[in-house]
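**Student:** The structure is given below, and queries will be raised subsequently.
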Amino acid sequence: MSKKQWTEWAWDAWCIASIIGIWPRYIEPRLLEVNRLSLPIAHLPAQLVGLNILHFSDLHWSAQFSFSLRKKLIRKINALKPDLILFTGDFLCRSQLEDREGLKNVLESLKATIGCFAVLGNHDYARFVTVNEQGDYDVEAPSSASNISKGFKRLFRQVSLTQQVTPQARQVDLHAELMALLKQTPFQILNNATKQIAYKGQRVNICGLGEYSLGRFNPEIAFKEYDERYPGIILSHNPDALEILKHYPGEIILSGHTHGGQVNLPIFWKRFTRIAHLQFKHGLKVIDKKWAYINRGISSVMKFRWFAAPELTLLTLQKG
Ligand SMILES: [Fe+2]
């Protein structure tokens, strides 16, 4: 039997590499899974039984956003005919507002009978805040490194989170252009604020918090207008806030931020999931008699997902 030549080794390596790479780079990031959940709520008024809430998160809009995913997102959300659409942050990638008309068009195309509400994520303020080498939340230093090399850096450097916010991160302003654009869409931003919405003669509190990793998370202000006579849904981008929110009112808490681990393979996911409470990577949780759902989101800065497909969640309220 003749010995395998280097060209044959190279050919085999290329075949394996392309099979491994095609799925997470080109196929999975363009899928869009719909998860339907019926949530029993204690003392839910009869009028609110069957209320349909569409939850999505982490759009990470950019000029490179997949056209097929964009079409799928609009088609699938509208086909579900939600009463309410709730978005849990990260409209943008690294605070860059690209293809404004495209983003506006997507948000305008989403239809809900009662309304659309959202909170901001750590990519949605004037400067991008992420975990620095010391494990603190900090403004990302300007760098010419590509998203790929930043991603690989994450993979090989383990950082434990301190959950401390640096003074620089605390000073970052709102993203004026993003806020102006959002005003032209049906999405109302709840930045440490509560709104009551009316549905069949009943009311529901929708409470949205400022971003945890910028030190803007302020439940004392956010819950000021909360009316405890009615049930409530709480929006917070970063699920590390769940441990605090369990002490406040509300039946359902919705979060995103984790992208479901994004590269959801053993060891890898922990390097890509920058949260202190790793049990909040994804899915439905029960926290002190409250429901919490952590959504895998729609896209990401690095368009690469493995066992963490983009997700829409349709939550239907039921009598508990
Ligand atoms: Fe995100």
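**Student:** Which residues, taken from segment 44-101, are surrounded by fewer than 16 Cβ atoms within 10 Å (Cβ to Cβ) and of a type in the set (Asp, Glu)?
**Tutor:** Selection gives GLU98, ASP99, GLU101.
**Student:** Suppose we filter segment 252-269 for residues that are in contact (Cβ under 8 Å) with a residue 40 or more places away in the chain, on the phi < 0 side of the Ramachandran plot and either assigned to a helix (DSSP H, G or I) or out of contact with any Ser or Thr (no Cβ under 8 Å at 6 or more places or on another chain) (or both); how many remain?
**Tutor:** Kept after step one, since they are in contact (Cβ under 8 Å) with a residue 40 or more places away in the chain, are these residues of segment 252-269: 252-257, 259-265, 268.
In the following step, the residues that additionally are on the phi < 0 side of the Ramachandran plot were identified as 252-256, 263-265, 268.
From what's left, either assigned to a helix (DSSP H, G or I) or out of contact with any Ser or Thr (no Cβ under 8 Å at 6 or more places or on another chain) (or both): 252, 263-265, 268.
Counting residues in segment 252-269 that are in contact (Cβ under 8 Å) with a residue 40 or more places away in the chain, on the phi < 0 side of the Ramachandran plot and either assigned to a helix (DSSP H, G or I) or out of contact with any Ser or Thr (no Cβ under 8 Å at 6 or more places or on another chain) (or both) gives 5.
Listed here are the residues, each with its yes/no results for (1) of a type in the set (D, E, K, R); (2) within 29 Å of ILE114 (Cα to Cα); (3) in a helix (DSSP H, G or I).
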{"residue": "ASP12", "(1), (2), (3)": "yes, no, yes"}
{"residue": "ILE22", "(1), (2), (3)": "no, no, yes"}
{"residue": "ILE27", "(1), (2), (3)": "no, no, yes"}
{"residue": "ASN78", "(1), (2), (3)": "no, yes, yes"}
{"residue": "LEU86", "(1), (2), (3)": "no, yes, no"}
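**Student:** Within segment 302-313, track down each residue that is in a strand (DSSP E or B), of a type outside the set (S, T, N, Q) and touching a His at 6+ places or on another chain (Cβ under 8 Å). Spell out how you get there, then give the answer.
**Tutor:** Start the filter on segment 302-313 by keeping residues that are in a strand (DSSP E or B), which leaves 306, 311-313.
From the residues that got through so far, the ones that are of a type outside the set (S, T, N, Q) too are 306, 311-312.
Within segment 302-313, LEU312 is the sole residue that qualifies.
**Student:** Quick one: is PRO249 buried (at least 18 other Cβ atoms within 10 Å of the Cβ) and either more than 20 Å from LEU120 (Cβ to Cβ) or free of Cβ contacts under 8 Å to residues at least 40 places away in the same chain (or both)?
**Tutor:** Numbers: buried (at least 18 other Cβ atoms within 10 Å of the Cβ): yes; either more than 20 Å from LEU120 (Cβ to Cβ) or free of Cβ contacts under 8 Å to residues at least 40 places away in the same chain (or both): yes.
Considered against the rule, which asks whether it is buried (at least 18 other Cβ atoms within 10 Å of the Cβ) and either more than 20 Å from LEU120 (Cβ to Cβ) or free of Cβ contacts under 8 Å to residues at least 40 places away in the same chain (or both), PRO249 comes out as yes.
**Student:** Give the residue, chosen from ASP90, ASP138, that is assigned to a loop (DSSP other than H, G, I, E, B) and modelled with pLDDT of 95 or more. Please lay out each step first, then the result.
**Tutor:** Numbers: ASP138 fails: assigned to a loop (DSSP other than H, G, I, E, B).
Of the residues listed, the single one that is assigned to a loop (DSSP other than H, G, I, E, B) and modelled with pLDDT of 95 or more is ASP90.
**Student:** Considering each residue of segment 133-152, count those that are away from the ligand (no atom under 16 Å from the Cβ) and either crowded, with 18+ Cβ neighbours inside 10 Å or of a type in the set (Asp, Glu) (or both), and give that number.
**Tutor:** Filtering segment 133-152 down to residues away from the ligand (no atom under 16 Å from the Cβ) leaves 133-136, 138-139, 141-146, 148-149, 152.
This time we only want the ones that are either crowded, with 18+ Cβ neighbours inside 10 Å or of a type in the set (Asp, Glu) (or both), so: 133, 136, 138-139.
So the answer is 4.
**Student:** Scanning for something in contact with a Ser or Thr (Cβ under 7 Å, 6 or more places away or on another chain) and part of a strand (DSSP E or B), does segment 195-205 turn up at least one residue?
**Tutor:** Filtering segment 195-205 for residues in contact with a Ser or Thr (Cβ under 7 Å, 6 or more places away or on another chain) gives 205.
Within this subset, residues satisfying the condition of being part of a strand (DSSP E or B) are 205.
Within segment 195-205, one or more residues are in contact with a Ser or Thr (Cβ under 7 Å, 6 or more places away or on another chain) and part of a strand (DSSP E or B).
**Student:** With the condition kept exactly as written, say whether any residue in segment 47-61 is within 19 Å of the chain's Cα centre (by Cα), within 16 Å of the ligand (Cβ to nearest atom) and of a type in the set (A, V, I, L, M).
**Tutor:** yes
**Student:** Residues in segment 223-231: is at least one away from the ligand (no atom under 15 Å from the Cβ) and either part of a helix (DSSP H, G or I) or touching a helix residue (DSSP H, G or I) at 6+ places or on another chain (Cβ under 8 Å) (or both)? Don't jump to the end; show me each part of the working.
**Tutor:** Keep residues of segment 223-231 that are away from the ligand (no atom under 15 Å from the Cβ), which gives 223-231.
If we keep only those that are either part of a helix (DSSP H, G or I) or touching a helix residue (DSSP H, G or I) at 6+ places or on another chain (Cβ under 8 Å) (or both) too, we end up with 231.
Yes - at least one qualifying residue is present in segment 223-231.
**Student:** Mind listing whichever residues of segment 116-132 are more than 16 Å from the ligand (Cβ to nearest atom) and either over 19 Å from the mean Cα position of the chain (by Cα) or at pLDDT below 95 (or both)?
**Tutor:** ASN132
**Student:** Still on this structure, please answer the following. Would you call ILE206 under 19 Å from the mean Cα position of the chain (by Cα), away from the ligand (no atom under 16 Å from the Cβ) and surrounded by 22 or more Cβ atoms within 10 Å (Cβ to Cβ)? Before the answer, list the steps.
**Tutor:** On the way: under 19 Å from the mean Cα position of the chain (by Cα): yes; away from the ligand (no atom under 16 Å from the Cβ): yes; surrounded by 22 or more Cβ atoms within 10 Å (Cβ to Cβ): yes.
Yes, satisfied.
**Student:** Just the residues that are in a loop (DSSP other than H, G, I, E, B) and either within 11 Å of the ligand (Cβ to nearest atom) or in contact with a Ser or Thr (Cβ under 6 Å, 6 or more places away or on another chain) (or both), please, taken from segment 283-301. Spell out the reasoning first.
**Tutor:** Start the filter on segment 283-301 by keeping residues that are in a loop (DSSP other than H, G, I, E, B), which leaves 288-289, 295-301.
Those that are in a loop (DSSP other than H, G, I, E, B) and either within 11 Å of the ligand (Cβ to nearest atom) or in contact with a Ser or Thr (Cβ under 6 Å, 6 or more places away or on another chain) (or both): ASN295, ARG296, GLY297, ILE298, SER299, SER300, VAL301.
**Student:** Now for a separate question. Taking LEU178 as the residue in question, decide whether it is under 30 Å from LYS270 (Cβ atoms) and crowded, with 20+ Cβ neighbours inside 10 Å. Write out each step before concluding.
**Tutor:** Working: under 30 Å from LYS270 (Cβ atoms): no; crowded, with 20+ Cβ neighbours inside 10 Å: yes.
Judged against the criteria, LEU178 is not a match.
**Student:** Out of THR113, THR166, report the one residue that is surrounded by fewer than 15 Cβ atoms within 10 Å (Cβ to Cβ), in contact with an Asp or Glu (Cβ under 8 Å, 6 or more places away or on another chain) and modelled with pLDDT of 95 or more.
**Tutor:** Numbers: THR166 fails: surrounded by fewer than 15 Cβ atoms within 10 Å (Cβ to Cβ).
Testing whether each residue is surrounded by fewer than 15 Cβ atoms within 10 Å (Cβ to Cβ), in contact with an Asp or Glu (Cβ under 8 Å, 6 or more places away or on another chain) and modelled with pLDDT of 95 or more leaves just THR113.
The values are calculated or read from the model by the stated rules, or taken from the named source; none is laboratory data. Not measured: the values here are computed from a predicted model. Heads up, the Cβs are rebuilt from the backbone with ideal geometry, glycines too, and the neighbour counts pull from every protein chain shown.
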